[in-house]
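Worksheet for the structure shown next.
The values are calculated or read from the model by the stated rules, or taken from the named source; none is laboratory data. As the structure is a computational prediction, the values presented were derived from the model and not from experiment. Heads up, the Cβs are rebuilt from the backbone with ideal geometry, glycines too, and the neighbour counts pull from every protein chain shown.
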Amino acid sequence: MSIGDGNSPQKNVCDDQTLRDAFIALGGHADLSGSVSTDRLRQAIVEEFALPIDIDKIIAEADVDSSGLVDFHEFCAILRT
C-alpha cells in the first residue's frame, strides 16, 4: 500500500508523517526507535478504531521475530497489509 495525494508520485507509506505520529502515539520514540507492543496495537485497531480486519494474523506476519513488539519497519508492514 502506498499513499499519494493524486498530484505527486506515490511514496512509501513509511515516509508518511501521520504514520510516524501514530507510531509515536502508541509508544515508539520520536526518532522512530523503540517499539509498540502488539497488545497496544491490537487494542488501538480493534477497540479504538473498530476496524474489521484479522489483526492477529496481520501482526503475526509482521512481527517476524515473535517478540510481541513491533518496531517501526514492522509497524509499516502492518499498515501496508
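On the given criteria, is ALA50 surrounded by fewer than 16 Cβ atoms within 10 Å (Cβ to Cβ) and part of a loop (DSSP other than H, G, I, E, B)?
Criteria met by ALA50.
Would you be able to say whether some residue in region 40-62 is of a type in the set (D, E, K, R), closer than 22 Å to ASP15 by Cβ, out of contact with any Leu (no Cβ under 6 Å at 6 or more places or on another chain) and at pLDDT below 90?
Yes: one or more hits.
Which pairs turn up if I take residues in region 54-79 that are within 17 Å of GLN43 (Cα to Cα) and without any contact (Cβ under 8 Å) to a residue 24 or more places away in the chain and look for partners that are of a type in the set (Lys, Arg) and in a helix (DSSP H, G or I) with beta carbon separation below 6 Å, at least 6 apart in sequence or on another chain?
ILE55/ARG42
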